[in-house]
Amino acid sequence: MAAEAPIRVGLRVEDVTEAAIFYAGLGFEQAGSISSPDGRPIMTILRRGDLQLLVDSLTGMPFPESDREYMTRTGPRGLGVVIGIEADNVDAIADYCRSAGATVTTDPLNAPWGERYAECIDPYDYAWKFYQLLPDPPQDSTAYDSWFA
């Protein structure tokens, strides 16, 4: 049995099966699932390196009735949080996201702090940043200064 993931992120979605397919395209592998008594998937556990995604259904899970739960169900979900993961090929991930129904909010670019990155909002309203370290990061502090000036 694999060791427990040191980083876990829970995402609530309307369709657990479709979300698991989308996240598999980002390099996540299914590690487990839980179904409701009628056989509908209500949780899928996905893993990518040290990151485990717990993809839960918006309905059918035993979450307590609360104001927070109501706001989670009505959305927007994930507001203010960006999940960042390293990628081997940022351009390919951005292309995949676009083709799979995500909105690419930052096309791949080389940043002055030494990484190539892209950002997107996935089909379930969660924000992602995919990055890869540049082999030769800029040594010129003026590039960094111009970005943050």
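The values are calculated or read from the model by the stated rules, or taken from the named source; none is laboratory data. This is a predicted model, so every value here is computed, not measured. Positions of Cβ are generated from backbone atoms using ideal geometry, with glycine treated the same way; all protein chains shown enter the neighbour counts. Protein only, heavy atoms only, side chains kept; ligands, DNA and RNA dropped before computing areas. Shrake-Rupley method; radii C 1.70, N 1.55, O 1.52, S 1.80 Å.
In this structure, the amide hydrogen of L11, modeled 1.01 Å from its nitrogen in the peptide plane, lies closer than 5 angstrom to those of L54, V55, D56, counting only residues at least 5 positions away or on a different chain.
What is segment 15-84 by shape, rounded, prolate or oblate, if you read a ≥ b ≥ c off the alpha carbon gyration tensor as root eigenvalues and call it rounded for a/c under 1.5, prolate for a/b larger than b/c, and oblate otherwise? In terms of gyration-tensor shape, oblate.
Distant-in-sequence amide contacts of R48, defined by a placed amide H-H separation under 5 Å and a gap of 5 or more residues or a different chain, comprise E29, L53.
Convex hull volume of the C-alpha atoms in segment 43-82, normalised per residue: 88 Å³. Farthest toward the positive end of the dipole of segment 1-123, out of Y23, G75, T105, is the Cα of G75, where the dipole comes from beta carbon charges about the Cα centre. Shown here for segment 1-110: trypsin sites (Lys or Arg not before Pro) in loop regions (DSSP other than H, G, I, E, B) with at most 12 other Cβ atoms within 10 Å, of which there are none. Debye sum, Cα scatterers, the chain, no solvent: what log₁₀ I/I(0) at q = 0.08, 0.11, 0.15 1/Å? Evaluating at q = 0.08, 0.11, 0.15 Å⁻¹ gives log10 I(q)/I(0) of -0.27, -0.50, -0.84. Solvent-accessible area of the chain (1.4 angstrom probe, protein heavy atoms only): carbon and sulfur portion equals 53 percent. Over the chain, DSSP H runs of length four or greater, each weighted -39,500 (n - 2.57), average out per residue to a 222 nm ellipticity of -6500 deg cm²/dmol.
In a simple Cβ point-charge model (Lys, Arg +1; Asp, Glu -1; nothing else charged), the chain has a dipole of about 340 debye relative to its Cα centre. Our analysis of segment 69-113 gives Rg over Rh at 1.07, with the two radii drawn from alpha carbon positions and Rh computed by the Kirkwood formula. The GluC sites (Glu not before Pro) of segment 48-134 that DSSP puts in a loop, and whose beta carbon has at most 11 other beta carbons within 10 Å, are E65. Protein heavy-atom accessible surface, 1.4 Å probe, per residue over the chain: 59 Å². Each residue of segment 33-40 was assigned a 3J(HN,Hα) from its phi angle through the Karplus curve 6.51 cos²θ - 1.76 cosθ + 1.60 (θ = phi - 60°); the sequence is 7, 10, 10, 6, x, 8, x, 7 Hz, with glycine and proline shown as x.
Taking amide H as placed 1.01 Å from N in the peptide plane, the amide H of I83 sits under 5 Å from that of A127, W128, K129, each at least 5 places away or on another chain.
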